[in-house]
Amino acid sequence: MALEEQCSAPPRWQAISVTHVEFPEGDLTGKLLAYISLLPVAILVGFVTLIVFKRELHTISFFVGVLLNEGVNWVLKHILREPRPCAGAHTTVYAEYGMPSNHSQLIWFFVVYFFLFLYLRMHQTNNARCVDLLWRHILSIILLGMASFVSYSRVYLLYHTWSQIFYGAVAGSTMAIIWFFFTQEVLTPLFPKIAAWPISEYFLVRDTSLIPNILWFEYTVTRSEARNRQRKLGTKLQ
């Protein structure tokens, strides 16, 4: 249905509890897209959880980039002051202006930064197995689909126009590229010094930037420590 027709005959809206994201009543597709549009919120919660439990400097830097991206979105909205489509259609809207889309800018910042991290930061070694490379491609496709569905959901639910989604994606992607290379070239060389600060040691903040595969590293260290403790326990029992 064309946007003009949707605005002239707006549907009855039903909100997802707590979040206030609205979808057309009785529209299963709209309900699914409303839940999908909450993915950026899940990403922010995931960042906070990772920072609390991992306390890793690159994750903290990534999150700072997300916050800066949000700040740029707020500035652009108040400079451009372009209204949302179908003004007044939704009962609860957190931002008056719609250009560029906040959801689109955030999700594309996250996805583009993650692309760069997968293919540049997690550099491929000469003995990399095909399966190690395959999962990166599969994950990239999943992330691309996620960003596309989140962006589309904002148009389908009449929160944004296509142009607001497009320019949000452009702004988020641009910010991701800038922040990734700033992190790599400027911040990463400083991470060892930052990790050595007394306050960093007190809060157990760490730097893993020199470890190419942190998942494998943590797995092998944990397994080795568990085996050592198991041997010590066995010796004591004897």
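For the stretch 157-164, does any single residue satisfy the condition of being over 18 Å from R81 (Cα atoms) and open to solvent by 80 Å² or more (accessible area, probe 1.4 Å)?
No, the stretch 157-164 has no match at all.
Of everything in the stretch 36-48 that's in contact with a helix residue (DSSP H, G or I) (Cβ under 9 Å, 6 or more places away or on another chain) and assigned to a helix (DSSP H, G or I), which residue is nearest to R12 (Cα to Cα)?
My answer is I36.
Identify all residues within the stretch 49-80 that are open to solvent by 70 Å² or more (accessible area, probe 1.4 Å), closer than 19 Å to Y202 by Cα and part of a helix (DSSP H, G or I); write none if there are none.
L50, V52, F53, K54
The values are calculated or read from the model by the stated rules, or taken from the named source; none is laboratory data. Given the structure is predicted, the values throughout are model-derived calculations rather than measurements. For neighbour counting, all protein chains shown are included, and Cβ atoms are generated from backbone atoms with ideal geometry for every residue, glycine included. Accessible surface is based on the protein model in full, side chains and every heavy atom, while ligands, DNA and RNA are left aside. Shrake-Rupley method; radii C 1.70, N 1.55, O 1.52, S 1.80 Å.
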